[in-house]
Structure formats: C-alpha cells, structure tokens
Amino acid sequence: MPNSQQGIPQQGLGPSMSVPFPQHGQTYGYSPQPPRKGNAGLLVGIGAVVLVLAVVIVTAVVIGTRGEDEAAVAAPTTTTQTVPPTGTSIAPLSPGSKGVLVASERVAYDVPSSWSIAPESDLMTIVGSSGLFPGVGKASEGENYCPGSAYRGLAGVGFSLESTLSAAATTVAKIAAEGGYSDSTGGKLTAPTSLTTKSGVTGQFVEGSGPWTPQRSGCTANAYSVYTFAFENAAGATLVLAILVDRGTTGELSADDAKKMIASIRLI
C-alpha cells in the first residue's frame, strides 16, 4: 500500500475528503478523522382539547423515557426513521470471513477473519493526482507491520462521480496507486471487465500493480496491487470498493482472496 500507509498522503482511503491519510506506505493518503467516519424524537402537538391532550402528552413523555424503540412505535405514522441494518444482514458469505457493514450506503462486503473493521465513522481518504477517493467501511490488516507501511492490506467503499462504472473503477485504481503508493504513473492497469458478485450485484472490475519501495528501510515489500470494483447501490449512486495490498511480504493478501472480497459485495 502506498508508501504504504504513511500518510495518506499515500496509502489512504476514506471519506475524509479534505484530509489525506497516511499512505500505505506514505502514499496511501489515508487520514482518519474524528468520527466521521441518531435519535428518535417524539413530537406531540398541543390542540384545543386540553383534557385529551394532557393524557396524550403524559403518555408520550412516559414512552419517551423507555427508549427509542418504544418511542418509534408511538410516533406518528408520518415520521420516517432510518434504522441501520443489523443481524444477519452482515453475516459473511463464506467460512473464515466476517462482514463489513456500510450502513449509510446499505451495502456490505466480507474480509478475512484476521482483518480489523473500523467504526463506520472512521473515514478514509486517498488523494492522488487523478483525484480524490473518499470512503467509509474501512477494514485493514497488518497495521504498521513493518517500517514505512501503514497497513499490509486496506479496503474501503467510496463514491465516484464518473459517468460510467468502467471509468469509476479505472480512476479509483489510479488514485489508489498514486495516493497509496506514490506511483505517479497510476500503475499498470487491466482493462475494465464485467463482474457479477455472489449476490447478483453487477459492476466493473479493474486490477492494478506496480513496483513500490517503502521510504523507510526495514520492510521487504517491493511492489503493490490494487483492486477496484465499481457498482451502484439501491439508490443508484456509483460506489467503488477499493483494496490496496503490499506485495513481497509475508502474510500478504492473495489475489484470489482480494477477488473473494469483491465477490462478496451485496446490497442490504
């Protein structure tokens, strides 16, 4: 991962649009920000019938003290409340994995069970000469595993304003290489290819790679790989799952496992 994670400046994904994260190596451009990355309220109108309203108001107050769930039940049917998906919605699709929930976008994906999943409020951002990739749903592995690299593996889901899915996957792959690994060339990228996940989500996949040496000595990493998958969520917004991986090190994420992560993307 870019200078692997040092700063996002180089290796960094995330929704922190204005703050670069430490790069994977130095180029990740990932910079976590303060919780970026609710409450239900009961409004009781006061009408003309004093006695009836008095009863209603008292009831509402009592319900409000019991917790959000009951308050939601008592609220007017016109009130809309957003409840993050829970339970089996993030159950992993395969053994040895665990689900990452991106509640704000109603999507989820799997990572190996050894990976760490950050709170959704933990934003990650990758900044490259080709643009900015802000994302959430951050998951990582091998934090500071060797000098000069922030993570050995990093993943996150972010928005893209590109007009097509193929352009979105390509641009994010370039940004990941530029901002995560200080590769000014944008890396060697494959042509976008159509891909359908296990749950039936269709999109465009791009794989990138290039040589990379951490700016600090003491790390065996000598290359990197980036994997991007662009797709649309239920609201029609273009999202991209980006995975950044240090190469030439023990315990690195294999290409097959990276593709399994992408194949696990589902709408919830």
Task: Residue in the range 191-210 that is under 23 Å from A150 (Cα atoms) and over 22 Å from the mean Cα position of the chain (by Cα) present - done: yes
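Only one of D256, D246 is assigned to a strand (DSSP E or B) and of a type in the set (D, E, K, R); which?
Numbers: D256 fails: assigned to a strand (DSSP E or B).
Step by step, each of D256, D246 is checked, and only D246 is assigned to a strand (DSSP E or B) and of a type in the set (D, E, K, R).
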TODO: Scan the range 175-199 residue by residue and report those that are of a type in the set (V, I, T) and either surrounded by 22 or more Cβ atoms within 10 Å (Cβ to Cβ) or over 23 Å from N233 (Cα atoms) (or both).
DONE: I175, T185, T190
- [ ] Could you please give the count of residues in the range 121-174 that are surrounded by 24 or more Cβ atoms within 10 Å (Cβ to Cβ), charged (D, E, K, R) and part of a strand (DSSP E or B)?
- [x] 1
Open item on the list: Quick check on my filter: what residues within the range 200-221 are surrounded by fewer than 14 Cβ atoms within 10 Å (Cβ to Cβ), of a type in the set (S, T, Y) and modelled with pLDDT of 95 or more?
Closed with: T202
Task: All positions within the range 88-110 that are buried (at least 18 other Cβ atoms within 10 Å of the Cβ), touching a Gly at 6+ places or on another chain (Cβ under 8 Å) and hydrophobic (A, V, I, L, M, F, W, C) - done: I90, V100, L101, V102, V107, A108
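The values are calculated or read from the model by the stated rules, or taken from the named source; none is laboratory data. Since the structure is predicted, the reported quantities are computational estimates derived from the model, not experimental observations. Cβ sites come from the backbone with ideal geometry, for glycine too, and all protein chains shown count toward neighbours.
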